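Working notes, beginning with the structure itself.
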Amino acid sequence: MSTLPRALTLAPGAAPAPAAARRAARRRTRRETATAWAFISPAVVVILGLSIVPVVWSLLLSFRADDLVTPGRWVGLDNYRALFQDPNFRTAVGNTLLYTALYVPLSLLGGLALALALNRRIRFIGLYRTLVFVPFVVSATAQGVLFSFILDPEFGVANSLLHKLGLSPQGFLTDPDQAIYLLVLISLWSGVGFCVVVYLAALQDVPPELVEAARIDGAGRWRVLRHIILPTLTPVTVFLLLWQLITALQVFDLIYVTTKGGPLGSTGVVVYFVWQQAFQMFTAGYGAAAAYVLALALLVAGGALHLVRRRRERSEGAVR
Amino acid sequence: MSSPTTSRRPSGWHLLLAPLTLCFALPLVWLALSSVMSNAEINRFPPALWPKGIDLGGYRYVLGNAMFPRWFANSLIVAAAAVLSNLLLGALGGYAFARMRFAGSRALLGLMLATMVIPFQLTMIPTFLVMKELGLIDTLGALIVPSLVTPFAVFLFRQFFLALPREMEEAAWIDGCSRLRVLFSIVLPLARPALATVAVLTFLSTWNDLSWPLIAINHDTQYTLQLGLTTFQGLHHTRWSAVMAGNVITVLPVLVAFLLAQKTFVQSLTSSGLKG
C-alpha cells in the first residue's frame, strides 16, 4: 500500500474535474476500507472464528453421537431426550441452581454491606479495602488447593480449631451434606471483593447534597439507604446480578480442584457434567447438548433481567 | 454540627472493620505460614498453628523434584503472549472501529460484542476440535491462539479512542503519515490507561485459567501453573507443605502485580463493570 500523502491532492480548493474527483474519492474510500480490514481482520478471524463457528458446530454436534475420534452419526433429538431422563444431569442442574441461588444474592448483599462499611474516610481504610479485595485475584485453582488443605478432615487447620474449641471434627468437603455450602462460602470469600469494588465506585456517584438534605429533613440512616442510596445503585446492582449469575451458573474450576463433583454427586454442576461427558466419557454430542441447555438457561435469565430493567426504566420515566 | 468524621477520636468502625477484613486475609496468611512448616508440624493432630522455624523443605521439593519451574515459564509465556497480542490486535481493531469508515463496520462490531455473551462451555468442545485440526493440542499454541484477542479488548480501545480529540491525528495524516504510524506514534502514547486495563485483565484471566489448559493439554511438560498445581496436589496430597509452597508460587505473581498496581487493577475492574 502506498503511503503517499494522497489527501493533499484532494484538499478542497484544488477543484479538479467532477468525474476525476469522484474517482479519486472512490479510490480513497477503497483504500480506507482496505486499511481498515487489514487492521481488524486478525481480531475478526480470532473472535468470530473461535465463537460463531464453535457455536454452530456445537449445535450440530448436539444432534449427533460423537466421541471426537471416530466419525459420528446423526441422532436427531435423542441426546436432548436422554438428557432429561438422566438422573446425573438432573442432579447437576439441581446443584447448579442451589449454588447459584445461594452465591448470587449473598455476594451482592455482602458486597453492598461491606461497601457501605468501607465507604468512609478513616485511618487504614485503604488497607481494609485491599484485604477484602485481595482474594479476588487468587485463582480458583489456588483457592481450591488452599481450602482442600484448610478443610482437610485429618490435617486441616479447621478441624484443629474445632478441636481446640471442644467441638467434634467435621467431614467438610468429604461430607455430602456440607460440601456444596462450603464451596459457596469459598466462592464468596473471593467473589465478594469484586462486588465491593464495583459498589464502592458507584457509591462515589451518590450525590452528597441529596443525602445531606434528607438528613436535615430528619431521615434516619435506614431511610437514606432505602430511598436515596439504593435507587442510585440500581443500574450497578443489575449489572452485578447478571455478572454473578453468569459466573455462578458456569462454576467449574473450583469444583474440579476440590471435590470433582463428589462426594456422592453432591457438588456435580452442569459445566462439570459437560466436561465429563465430552472429555472423559467421550460422548461429545451428549455433552454439547447439555451445554446448549445451560446456554439457553443463561439466555433466558439474561433476557428476563434485561426486560425487567427496561420495564423499570419505562415506569420510572412515566412517573417523572 | 454533627461531623463525626473530623473528630480526633478513633472511629468505632475499626472495631468492626479490622476483624472482619482480617478474616479475608487469614486463609492467605495460613497459606504463607504452612508453606514454610515442616511436614512433621503439619502431619500431627492437631496440627501446629504457628511454625517453629522456617522450613524451606516444601519449596526445595517443589523446585527440585517437580516441574514447577517449567510450568511457571509456560504460564509466563502464555500470559505474556496473550497480553502483547491483545494490546496489539485490540488497539488495531479498536482504532479501525473508532476512526475509519467502512461498509459493515457497525454490524461487525455488534457481532463481535454479541460473542461476549457466549458461555465458554458452549464453545469448548469445537474449539478443542479446531485446535486439533491446527495440530496445536498439547502445545502452548493451543493456549495462546484462543486468547490472542478478546472482543472486550477491541471494544475498550474503541471506546477510549472515540474519546480522544481527532485534530492531532488528522494533522499527522494530512502530513502524510500512514494510519499505522499515526496509531503508533500519536494515539497509543495517549492511550496508557486503556493499555494498562487491557494488560491487567488479560494477564489476570490467562494466568488464572484452569479449564481450557485442562482440555487442551495432556503432557505435563506443557502444563501451566494452575494445571500443574492441581495435578501436583492430586499426586502428593500428603506433602501439604510442598503443595502449599507450589500454591504460593502460583499465587505470588498475581499478588505482587496486584499490590504494585492496585489502582490500575481496581479501575480496570470497575470500568469493565460499569460500562458492561
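Bear in mind that the values in this text are calculations on the coordinates, not laboratory data. Remember, predicted model here, so these are calculated numbers, not experimental data. All Cβ positions, glycine included, derive from the backbone under ideal geometry; neighbour counts span all protein chains shown.
Side notes on the structure shown:
- Since only A:SER51, A:THR96, A:TYR286 are under comparison, the one whose Cα sits farthest along the positive direction of the charge dipole of the protein assembly as shown, derived from C-beta charges on Lys, Arg, Asp and Glu, is A:SER51.
- Relative packing of peptides A:294-302, A:269-277 - highest average C-beta neighbours within 10 Å first: A:269-277, A:294-302
- A Förster radius of 60 Å, combined with the Cβ-Cβ distance separating B:LEU16 from A:ALA19, puts the computed FRET efficiency at roughly 0.15.
- Contact order, relative form, for chain B: 30 percent (alpha carbon pairs under 8 Å, 6 or more residues apart, mean separation divided by residue count).
- Shielding value for A:118-131 is 5, the average number of Cβ atoms from other chains within 10 Å of each residue's Cβ.
- Residues of region B:187-222 with an amide N closer than 13 Å to a point placed 7 Å from the Cα of B:MET168 along the Cα-to-Cβ direction: B:187-193.
- Nearest-ten-degree value, helix B:240-260 long axis tilted from longest Cα axis of chain B: 40
- Taking the C-alpha atoms only, the angle from helix B:13-35 to the longest principal axis of chain B is near 70 degrees.
- Shape class for region B:67-275: prolate, because the ratio a/c of the largest to smallest gyration tensor axis (alpha-carbon atoms, square roots of eigenvalues) is 1.5 or more and a/b beats b/c.
- Peptide A:91-103 - average C-beta neighbours from other chains (10 Å radius): 0
- Simple point charges give the picture: +1 on the Cβ of Lys and Arg, -1 on the Cβ of Asp and Glu, and for chain B a dipole about the Cα centre of about 580 debye.
- Sparsely packed loop sites in region A:113-187 (the trypsin sites (Lys or Arg not before Pro) outside DSSP H, G, I, E and B with at most 16 other Cβ atoms within 10 Å) comprise A:ARG120, A:ARG121, A:ARG123.
- Computed over the alpha-carbon pairs of region A:86-282, the distance histogram in 10 Å steps reads 8, 29, 29, 20, 11, 3, 0 percent, short to long.
- A simple charge model with +1 on the Cβ of Lys and Arg, -1 on the Cβ of Asp and Glu and nothing else charged puts the dipole of region A:139-241 at about 280 debye relative to its Cα centre.
- Between helix B:192-208 and chain B: long-axis angle, C-alpha atoms, 0 to 90°, nearest 10: 40
- Among B:TRP207, B:GLN226, B:VAL182 the positive-end extreme of the charge dipole of region B:131-236 (Cβ point charges): B:VAL182
- Inter-label distance for A:ARG31 and B:SER185, nm, one decimal - labels placed 7 Å from Cα along Cα-to-Cβ: 1.8
- Taking every full run of DSSP H in chain A, the ones that stretch at least 18 Å from end to end by Cα along their long axis and average 1.0 or higher on the Kyte-Doolittle scale are A:87-118, A:125-137, A:179-203, A:230-249.
- Highest-fluctuation residue, B:LEU17, B:LEU201, B:LEU76 considered, GNM on chain B with Cα pairs under 10 Å: B:LEU17
- Segment A:MET281..A:LEU264, full-extension length gain: 4.3 nm, with 0.36 nm per residue of separation and the alpha-carbon distance subtracted.
- Here's the picture: charge each Lys and Arg Cβ at +1 and each Asp and Glu Cβ at -1 in region B:67-275, and of B:ILE125, B:ALA98, B:LEU195 the one pushed furthest to the positive end of that dipole is B:ALA98.
- For trypsin sites (Lys or Arg not before Pro), the sites in region B:127-222 that DSSP calls loop and that have at most 15 other Cβ atoms within 10 Å are B:ARG166.
- In Hz, Karplus ³J(HN,Hα) per residue of region B:66-74 (6.51, -1.76, 1.60; θ = phi - 60°; x = Gly, Pro): 8, 9, 3, x, 4, 5, 4, 4, 4
- The GNM of chain A, with springs linking C-alpha atoms under 10 angstrom apart, assigns the highest mean-square fluctuation among A:ALA24, A:ALA65, A:ALA288 to A:ALA24.
- Residues with amide H under 5 Å from that of A:ASP66, placed H, sequence gap 5 or more: A:ALA284, A:GLY285, A:TYR286
- Remark: mean inter-chain Cβ contacts per residue of A:194-201 equal 4, using a 10 Å Cβ-Cβ cutoff to other protein chain atoms.
- Most mobile listed residue (B:ALA199, B:ALA18, B:ALA96) in chain B, GNM with C-alpha springs under 10 Å: B:ALA18
- Along its three principal directions, the equivalent ellipsoid of region B:131-199 from the Cα gyration tensor extends over semi-axes of 33, 15, 9 Å, largest first.
- Given +1 at the Cβ of Lys and Arg, -1 at the Cβ of Asp and Glu and no other charges, the dipole of the protein assembly as shown around its Cα centre is 2140 debye to the nearest 20.
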